[in-house]
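What follows is a set of notes on a single structure, which appears directly below.
The values are calculated or read from the model by the stated rules, or taken from the named source; none is laboratory data. Since this is a predicted model, take the numbers as computed values, not measurements. Here the Cβ is made from the backbone with ideal geometry for all residues, glycine too, and neighbour counts use every protein chain on show. Surface accessibility is based on the protein's heavy atoms, side chains included, excluding ligands, DNA and RNA. Shrake-Rupley method; radii C 1.70, N 1.55, O 1.52, S 1.80 Å.
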Amino acid sequence: MGFIAIGISSCEFIHFQEKANSQFADQHFKTAIAHIELYNLRYGKYPDSMDSLDFLGEWDKVIFQSVSYEKLDSGYRLDLVKGLVNGTPSDIHYPGEFWQGLGVQQSNLMNNSK
């Protein structure tokens, strides 16, 4: 049986890893927002902690490792703390309109807005 080896340079692998890290971090952050905002819609308040979130799918539970949540007097703080691998990707940017209508009052990604 034949075997085909595909060579990938370390630079290409690092670029792939950085891109995957950013994509997963973006998805985890948005998933957390979706569940937090849904909780607010259902119960009329933001959760005291993310442990209060209900109806999470198995894949959704990764947000517990990826984001940091804090309920504030008005809304909440949500920080991205990890992507697919350790460290917060620095290339995640959201336009100002992204934050409109959300209860996110503070975030380490707000400074990255375009």
Those residues of segment 65-85 which are surrounded by fewer than 19 Cβ atoms within 10 Å (Cβ to Cβ), more than 13 Å from N108 (Cα to Cα) and under 10 Å from the mean Cα position of the chain (by Cα), in sequence order:
Q65
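Answer yes if at least one residue in segment 2-15 is at pLDDT 90 or above, in a loop (DSSP other than H, G, I, E, B) and exposed (fewer than 11 other Cβ atoms within 10 Å of the Cβ), and no otherwise.
Quick first cut of segment 2-15, residues at pLDDT 90 or above only: none.
The answer is no; no qualifying residue exists.
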Flag if P47 is free of Cβ contacts under 8 Å to residues at least 40 places away in the same chain and crowded, with 17+ Cβ neighbours inside 10 Å:
yes
Mind counting the residues in segment 66-108 that are touching a strand residue (DSSP E or B) at 6+ places or on another chain (Cβ under 6 Å) and part of a loop (DSSP other than H, G, I, E, B)?
7
Close pairs from segment 29-43: first in contact (Cβ under 8 Å) with a residue 60 or more places away in the chain, partner of a type in the set (S, T, N, Q), Cβ under 8 Å, at least 6 apart:
F29/S66
Is it the case that I33 is under 20 Å from N21 (Cα atoms), β-branched (V, I, T) and modelled with pLDDT of 95 or more?
yes
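Of everything in segment 49-65, what is assigned to a helix (DSSP H, G or I) and of a type outside the set (F, W, Y)? Give them in sequence order. Give the steps one after another, and end with the answer.
First, the residues of segment 49-65 that are assigned to a helix (DSSP H, G or I): 50-52, 59-65.
Scanning segment 49-65 gives M50, D51, S52, D60, K61, V62, I63, Q65.
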Report every pair of residues separated by at least 6 positions or lying on different chains whose Cβ atoms are under 9 Å apart, first residue within segment 83-100 and modelled with pLDDT of 90 or more, second open to solvent by 40 Å² or more (accessible area, probe 1.4 Å) and in a loop (DSSP other than H, G, I, E, B).
Y94/S113; Y94/K114; P95/S113; P95/K114; G96/S113; G96/K114; F98/S113; W99/S113
